[in-house]
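J.: This is the structure I have questions about; it appears just below.
The values are calculated or read from the model by the stated rules, or taken from the named source; none is laboratory data. Treat the numbers as computed from the prediction; the structure is a model and nothing was measured. Positions of Cβ are backbone-derived with ideal geometry, glycine not excepted, and every protein chain shown enters the neighbour counts.
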Amino acid sequence: MASLTLRHLAGNTWLIPAPAAIGVYVRNGRAVLIDSGNDEEAGRQILKLLNGQGWTLDLIVNTHSNADHIGGNAFLQKKTGCRVAATVPEAAFIANPILEPSFLYGGYPVKALRNKFLMAKPSTVTDIIEAIGPILDTGLEAVPLAGHFFGMIGIRTPDGVLFAADSLFPETILAKYPIFYLYDIREHLASLQRLRELEAAIYVPSHGAPSPEILPLIEANEQRVRQTVSFVESCCTDAPASFETVLERVCGEYGIVLDPNQYVLVGNTIRSILAFLSEEGRLAMIFDGGRLLWGTAADQREA
């Protein structure tokens, strides 16, 4: 990986630009990390940067448990003895990383899914935190941003910097990946609305550049989600369709080439969309022999 660097954002708040952004908040020479990068090498470079500033690592606060956000935890905790904090659902995945590929696959994951992209090394969560309010005695504030994953949070520093985790994706990601992973569509849309109401001087999406302006990005993300939801719904309205049929049509529409990782990430997102459409009363589950199909309420009555 490319060498990591340290960028000052405001006051005591720093950023380590990486594929998944890493925040650093420092008080009296003691550092709190916001996420830890995607692997052991990221952890090694983070520690080198902190040591170069004469800072001692006290705590890692994980916004959520996806492997690219917790990949440096194990190395950093082993080398420094630092604490790790996370919300209850995310803590389970951090301590037991096999849960992520298992959850995505829907059973014991095939070997192709047991990779560092989906499964980090385990680390010990020493502090369970709430999804809203003060984070221990750090001066940091947790903001609930569930939707992308179970108990994901954003983190706002006293300097007015909001690390928004994976609640928002930049235009470059939206262009490259027509469907991004979502666990709960309703919660994600609620988090986007919450972001509209949050005040911060600088917003840091995990996979994008810091910016003082966030509204256009919120609009772009919401538009993409609603477009995808509408397309998935259209796959099931002319005639009931199976999950595999919907997946095939989505891949064809958006030019998605599947591999093991993409199969579970895109597939899970489609299942989440189908659940959302069902709860909205727009689609219904139809059991046809040994098949589960998705169709309209009228289709369900006729089955």
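Listed here are the residues, each with its yes/no results for (1) exposed (fewer than 13 other Cβ atoms within 10 Å of the Cβ); (2) more than 30 Å from Met119 (Cα to Cα); (3) polar (S, T, N, Q).
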position: Val204; (1), (2), (3): no, no, no
position: Gly208; (1), (2), (3): no, no, no
position: Leu217; (1), (2), (3): no, no, no
position: Asn221; (1), (2), (3): no, no, yes
position: Thr237; (1), (2), (3): no, yes, yes
position: Val246; (1), (2), (3): no, no, no
position: Val266; (1), (2), (3): no, no, no
position: Ile286; (1), (2), (3): no, yes, no
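J.: Identify the residue in the stretch 151-186 that is of a type in the set (D, E, K, R) and surrounded by fewer than 20 Cβ atoms within 10 Å (Cβ to Cβ) and, among all such residues, is farthest from the chain's Cα centre (by Cα).
T.: It comes out as Asp159.
J.: Can you name every one of the helices (runs of 4 or more DSSP H) wholly within the stretch 152-262 that holds 1 or more residues which are farther than 30 Å from Leu6 by Cα and of a type in the set (Val, Ile, Thr)?
T.: In the stretch 152-262, 185-197, 215-237, 243-254 are the helices (runs of 4 or more DSSP H) which contain 1 or more residues that are farther than 30 Å from Leu6 by Cα and of a type in the set (Val, Ile, Thr).
J.: Out of everything in the stretch 100-154 that is of a type in the set (D, E, K, R) and without any contact (Cβ under 8 Å) to a residue 12 or more places away in the chain, what residue ends up being farthest from Val61 (Cα to Cα)?
T.: For the stretch 100-154, the residue satisfying everything is Lys111.
Residues are listed down the side, and each one gets a yes or a no for (1) crowded, with 21+ Cβ neighbours inside 10 Å; (2) in the same structural domain as Pro205 (by TED's automatic domain parsing); (3) within 18 Å of Tyr181 (Cβ to Cβ):
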{"residue": "Asp68", "(1), (2), (3)": "yes, yes, yes"}
{"residue": "Asn73", "(1), (2), (3)": "yes, yes, no"}
{"residue": "Ala95", "(1), (2), (3)": "no, yes, no"}
{"residue": "Glu100", "(1), (2), (3)": "yes, yes, yes"}
{"residue": "Leu113", "(1), (2), (3)": "no, yes, yes"}
{"residue": "Lys116", "(1), (2), (3)": "no, yes, yes"}
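J.: Let me spell it out: the conditions are (1) within 18 Å of the chain's Cα centre (by Cα); (2) more than 13 Å from His148 (Cβ to Cβ), and Cys235 meets all of them except one. Which number is the exception?
T.: Condition not satisfied by Cys235: (1).
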